[in-house]
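K.L.:
Okay, handing you the structure first.
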Amino acid sequence: MGCSSTEERVAFSHELLKTFAAVPVASRILIREDQPTGHAIALLQLGFAIHVRVPAADRASVERRLIAHQTPASTWSVETIGAPLPRASFDWAVWALPDTLADPAGADELKRIRSALCPGGWCYVLSPEGSVPSGNESAASEAPYTPRRLTAWADTARLAEASAPWHVAAEEALHAMYRRVESDTPV
């Protein structure tokens, strides 16, 4: 049986997996996957408690895949993207962006994600594989996601930039990290 596109995507998400290798496994993680990308499975297999948000049409499929990959100690749940998010409940959020997204929708979703993060919580955002061509400047300027666009959304959502958006050549994608910072946020 060959690899599905989901499994291939996880194989190329070395940046995301390298980041989470240093995150305490007790961290609660919100994962939003506008297209099933397999990040939920990878993080579940690393031992994290995950709360996954996917389009309604993908919910049953994602649940079946998580059941197939869970361990006895696994903790997970799957909800649809539009369902209300619990406030200040997650240490981390991972948002695997859709192929395209209108500007107000991106900032609005980051606001929702911010409200679900605990003060001091982190948000890892990544664009779809192939969304930011490497090498060709004119093609990159026409890409659906740019560092400036991601930064503007984060600013509107009042998320602090923890790591400026960077290009991951192997994925032809952008990754970025933001943090919910409050006046009393621990350093």
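The values are calculated or read from the model by the stated rules, or taken from the named source; none is laboratory data. Bear in mind the structure is a predicted one, so any value in this text is a computation, not a measurement. Methodologically, a virtual Cβ is constructed for each residue, glycine included, from the backbone with ideal geometry; neighbour enumeration extends over all protein chains shown. Note: areas computed on protein heavy atoms with side chains; ligands, DNA, RNA excluded. Shrake-Rupley method; radii C 1.70, N 1.55, O 1.52, S 1.80 Å.
K.L.:
Select the strands (runs of 3 or more DSSP E) contained entirely in the stretch 70-181, then report the ones holding at least 1 residues which are free of Cβ contacts under 8 Å to residues at least 60 places away in the same chain and crowded, with 20+ Cβ neighbours inside 10 Å.
P.N.:
Correct list: 76-80, 117-126, 160-168, 173-179.
K.L.:
If a residue must be β-branched (Val, Ile, Thr) and more than 18 Å from Pro98 (Cα to Cα), how many such residues does the stretch 42-54 contain?
P.N.:
Of the residues in the stretch 42-54, 1 are β-branched (Val, Ile, Thr) and more than 18 Å from Pro98 (Cα to Cα).
K.L.:
Give the number of residues within the stretch 28-69 that are closer than 17 Å to Leu117 by Cα, under 13 Å from the mean Cα position of the chain (by Cα) and without any contact (Cβ under 8 Å) to a residue 40 or more places away in the chain.
P.N.:
4
K.L.:
Taking only the stretch 38-69 into account, find how many residues are open to solvent by less than 20 Å² (accessible area, probe 1.4 Å) and either out of contact with any Lys or Arg (no Cβ under 6 Å at 6 or more places or on another chain) or among the polar types (S, T, N, Q) (or both).
P.N.:
The qualifying residues number 11.
K.L.:
Also, quick follow-up: Mind listing just one residue for me: the one in the stretch 26-64 that is in a helix (DSSP H, G or I) and touching a Leu at 6+ places or on another chain (Cβ under 7 Å) and, of those, nearest to Ser131 (Cα to Cα)?
P.N.:
His39
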